[in-house]
Amino acid sequence: MRALVFTGAGDATVATLPVPEPGPGEVLVRVSVCGVCGSDAAEYDHGPVLTSPPVVLGHEFAGTVERIGPDVEGLAVGATVVCGAGVSCGTCRACLRGRTNLCERYRTAGLQSDGGLAEFAVVPGSVLLDVSGTGLSPDTLALAQPMSIAVHAVRRSGLGPSDHAVIVGTGGIGAFLVVAAAAVGQRVLAVDLDPERLALARRLGAHEVLDAHGGSVADRLQQLGMSPDVLFEVSGSAAGLRSVLDAARPGSTIVPVGIQRADVTVPLAQWTVREYTVIGTNAHVFADDLPEAVRLLAARDDWSDVAPLALPLEHAVSEGLEPLRAGTSTRIKTLIDPRAEAPRPADHRRN
């Protein structure tokens, strides 16, 4: 089989590997399509950080069950599946409390073990969700894993139906966060520097938008008569975090979704007296977040404005990892079809 193998910073190549065999508890998936993530690009840029190379990248994939190893229940050969990618032990203290994303032995397919930028992938059956009855295409289903990250962040935030939310940064995860927040909250303000991303945010459900070149988040909220209950900082930039802190009101919840690139100094005394709630969010909880992500995908007819193309495996570096590393990607999500011989329009039609 062909696979994109990462061996170190700036080094990811298409190689021919044996088709892996599923062991106990594992499933061989025939990969239909796999998304390229910012985490993949970060590893390519300055890794290994999270990865254990050599490793096949790719943790956002959908496919078909090809073979099933011993001790796998609830899955059948031929089933359409999406991969949650995060593998937890099920027995540690965090797992027993339902916080499988904080498992003491947590690992991710596509980072610490081989993933879905390949024609086949072996993963534990426990991270596969059978979506055979949804009618969604593989190109749409490949968006389920990043959508589940957004669903988890919204769930962690406690956002409710009467709440106002702010989302700073509407790129790879922020766009999905707009969908997840708009499905729960009363009003959502999306903030970005890119007018095209803001136009997309409106189509994805944002009630209001702000071009950050043209004013502050705090001023825009005042103009709109919005009082932010939850503020998501997704850009990972110091400027984005400052804009969130400036806009927060007493009692606000602040959710840093984007990873800050450097340590920041925060006015902790102000946080105390204003009773801010600051909530971290990491990955997703398979049982709680991935099914909801699929439901949100099914609620929208066409995702072509988020993921317009599916590219061959040979284009994964030049049109996936490289643009993401350089910050020049024009797509919210780049999809890879490991069997395609040429780029094709993504197919988001219902079956």
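The values are calculated or read from the model by the stated rules, or taken from the named source; none is laboratory data. The shown structure was predicted, so the numbers you read here are calculated from the model rather than taken from an experiment. Backbone-built Cβ (ideal geometry, glycine too); neighbour counts: all protein chains shown. For the accessible areas, the whole protein counts, side chains as well, though only heavy atoms, and no ligand, DNA or RNA atoms are used. Shrake-Rupley method; radii C 1.70, N 1.55, O 1.52, S 1.80 Å.
A few comments on the model shown:
- Assessment of region 309-323 against the conditions (modelled with pLDDT under 95, part of a loop (DSSP other than H, G, I, E, B) and either basic (Lys, Arg) or over 17 Å from the mean Cα position of the chain (by Cα) (or both)) yields no matching residue.
- Of the residues making up region 332-351, those that are of a type in the set (D, E, K, R), surrounded by fewer than 20 Cβ atoms within 10 Å (Cβ to Cβ) and not in a strand (DSSP E or B) are 339, 341, 347, 349, 350.
- Of all residues making up region 129-160, the number that are touching a Gly at 6+ places or on another chain (Cβ under 9 Å) and more than 24 Å from residue 301 (Cβ to Cβ): 3
- Residues (closer than 20 Å to residue 197 by Cα and open to solvent by 10 Å² or more (accessible area, probe 1.4 Å)) located in region 136-153: 149, 151
- Condition broken by residue 251, with the remaining ones in (1) small (Gly, Ala, Ser); (2) assigned to a loop (DSSP other than H, G, I, E, B); (3) buried (at least 16 other Cβ atoms within 10 Å of the Cβ) satisfied: (3)
- Looking only at region 81-99, and only at residues there that are part of a loop (DSSP other than H, G, I, E, B) and more than 17 Å from the chain's Cα centre (by Cα), the one that is surrounded by the most Cβ atoms within 10 Å (Cβ to Cβ): 88
- Residues of region 272-303 satisfying the condition of being exposed (fewer than 13 other Cβ atoms within 10 Å of the Cβ) and part of a helix (DSSP H, G or I): 272, 273, 287
- Residue within region 277-299 that is among the small types (Gly, Ala, Ser) and farther than 19 Å from residue 146 by Cβ present: no
Here is a yes/no grid of residues against (1) touching an Asp or Glu at 6+ places or on another chain (Cβ under 6 Å); (2) open to solvent by 10 Å² or more (accessible area, probe 1.4 Å); (3) touching a residue at least 60 places away in the same chain (Cβ under 8 Å):
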residue	(1), (2), (3)
9	no, yes, no
17	no, yes, yes
23	no, yes, yes
27	no, no, yes
33	yes, no, yes
54	no, yes, no
62	no, no, yes
68	no, yes, no
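- Residue in region 39-50 that is free of Cβ contacts under 8 Å to residues at least 24 places away in the same chain, β-branched (Val, Ile, Thr) and either open to solvent by 40 Å² or more (accessible area, probe 1.4 Å) or in contact with a Cys (Cβ under 6 Å, 6 or more places away or on another chain) (or both) present: yes
- Boolean, residue 269 is open to solvent by 60 Å² or more (accessible area, probe 1.4 Å), out of contact with any helix residue (DSSP H, G or I) (no Cβ under 8 Å at 6 or more places or on another chain) and not basic (Lys, Arg): yes
- Residues of region 213-240 satisfying the condition of being assigned to a helix (DSSP H, G or I) and either free of Cβ contacts under 8 Å to residues at least 12 places away in the same chain or surrounded by fewer than 20 Cβ atoms within 10 Å (Cβ to Cβ) (or both): 213, 214, 218, 219, 222, 223, 224, 238, 239
- Members of region 168-192 found to be over 20 Å from residue 324 (Cβ atoms) and β-branched (Val, Ile, Thr), listed by number: 179, 184, 188, 191
- Restricting region 100-113 to residues that are open to solvent by 50 Å² or more (accessible area, probe 1.4 Å) and within 18 Å of the chain's Cα centre (by Cα), the residue that is nearest to residue 40 (Cα to Cα): 112
- Hits in region 305-318 - residues which are surrounded by fewer than 22 Cβ atoms within 10 Å (Cβ to Cβ), out of contact with any Asp or Glu (no Cβ under 9 Å at 6 or more places or on another chain) and within 21 Å of residue 200 (Cα to Cα): 305, 308
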